[in-house]
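Worksheet: one structure, shown below.
The values are calculated or read from the model by the stated rules, or taken from the named source; none is laboratory data. Small disclaimer: the values here were computed from a predicted structure and weren't measured. Glycine gets a Cβ as well: all are built from the backbone with ideal geometry, and neighbour counts include every protein chain shown.
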Amino acid sequence: MKFINWREREEIKLGILTDRGVLKVAEAASELDMNVPLTLPATMAGGSKAAEALVALVEQAAGAPNAAIYAPIDELDLAPCVTDPGKIICIGLNYSKHAEETGARIPDYPILFNKFNNALSAHGDEVIIPKVTTKVDYEAELAIVIGKRAKDVSEEDALSYVFGYCCANDVSARDLQARTRQWLLGKSCDGFAPIGPYVATADEIADPNALSIQTTVNGELRQNSSTGDMIFSCKTLVSYISQHMTLLPGDIILTGTPEGVIVGYPPEQQVYLQDGDSVTISIEGLGELTNVMRAE
């Protein structure tokens, strides 16, 4: 299934993307008198029983006469597809060609840093370029969404702890990032972690390390690679992180970006994101995540 969140007044509501549009879970459950989880955290907590209930809801809704339980996705005010992760863990220099373009050596271990929840934004949101930076860059990334508690898990079992995957943009202020050895400042400005438009459950992605991944800026292709170029695979990352900290449902891992980022260009060719630039991240099976940059 493909889950989205959208905003309705002050409430975040859950939807499931179907051939008829977005099935509004709460409205459909009420219409069909079915007991199902109404939020993504409740869906994760409910495990296989929750999944079965939601599959049944989708099936029964397909024959329901009330079209109001569906909505076109482009008519909804989307929220981040995961709204309150306990942790947003990011991996640096995790694509071999990206490491090469930045002149960095291939790391011996995954490089971990973090973003915070203030950085979350959704498909369609404007991302503000803060006054304190002039070098904002894009980074197309595959995001892993953890579905159950993971501690000291093996690589063999690691992907069984994954709820799903989504597109992400690790927006980065390169001048702030380079001020010190710690990258945090350049990574966690407000809105600097767009994710979405939906999270696809793990069963929809046969191999997370065999997906095409692209970035376009104003329609121009900038990044064009495969998640197969990762230095540390998705299962390796989940296992490695779980050996050092407990991963919990809703935690997000941003798995790194391929080559083609602005900071990898020769200095004379580095034109950073400007007011009005439209950035689209697309990953095979996970749709397209688009955000327009706006100067503060």
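A few notes on this one:
- When we screen V82, V55, V132 for residues that are closer than 30 Å to S242 by Cβ, among the β-branched types (V, I, T) and more than 19 Å from the chain's Cα centre (by Cα), the only hit is V55.
- Considering E204, E288, E296, E220, the condition of being loosely packed, with under 14 Cβ neighbours inside 10 Å and within 22 Å of H98 (Cα to Cα) is satisfied by E220 alone.
- D74 in a helix (DSSP H, G or I) and without any contact (Cβ under 8 Å) to a residue 12 or more places away in the chain: yes
- Selection status of Y165, farther than 22 Å from D137 by Cβ, among the aromatic types (F, W, Y) and outside any strand (DSSP E or B): no
Residue-wise test of (1) acidic (D, E); (2) within 20 Å of V171 (Cα to Cα); (3) at pLDDT below 95.
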site	(1), (2), (3)
D33	yes, no, no
T39	no, no, no
G46	no, no, no
K49	no, no, no
V58	no, no, no
G63	no, no, yes
A68	no, no, yes
L76	no, no, no
C81	no, yes, no
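- Some residue of the range 89-110 being touching a Cys at 6+ places or on another chain (Cβ under 9 Å) and modelled with pLDDT of 95 or more: no
- Residue in the range 9-25 that is outside any strand (DSSP E or B), at pLDDT 95 or above and surrounded by 14 or more Cβ atoms within 10 Å (Cβ to Cβ) present: yes
- Which numbered condition G92 fails, given (1) under 24 Å from the mean Cα position of the chain (by Cα); (2) not assigned by TED's automatic domain parsing to the domain that holds S242: (2)
- Selection over the range 82-93 of residues that are out of contact with any Pro (no Cβ under 7 Å at 6 or more places or on another chain) and either without any contact (Cβ under 8 Å) to a residue 24 or more places away in the chain or part of a loop (DSSP other than H, G, I, E, B) (or both) gives a count of 6.
- Within the range 39-56, restricting attention to residues that are free of Cβ contacts under 8 Å to residues at least 40 places away in the same chain and of a type outside the set (G, A, S), the residue that is farthest from V22 (Cα to Cα) is K49.
- The residue list A71, A51, A56, A64 contains one member that is surrounded by 12 or more Cβ atoms within 10 Å (Cβ to Cβ) and either under 20 Å from Y161 (Cβ atoms) or assigned by TED's automatic domain parsing to the domain that holds P258 (or both), which is A51.
- Only residues that are within 17 Å of the chain's Cα centre (by Cα), hydrophobic (A, V, I, L, M, F, W, C) and in a strand (DSSP E or B) were counted in the range 262-296, giving 5.
- Test: residue in the range 247-256 that is among the hydrophobic types (A, V, I, L, M, F, W, C), closer than 16 Å to K97 by Cβ and either without any contact (Cβ under 8 Å) to a residue 60 or more places away in the chain or not in a strand (DSSP E or B) (or both): no
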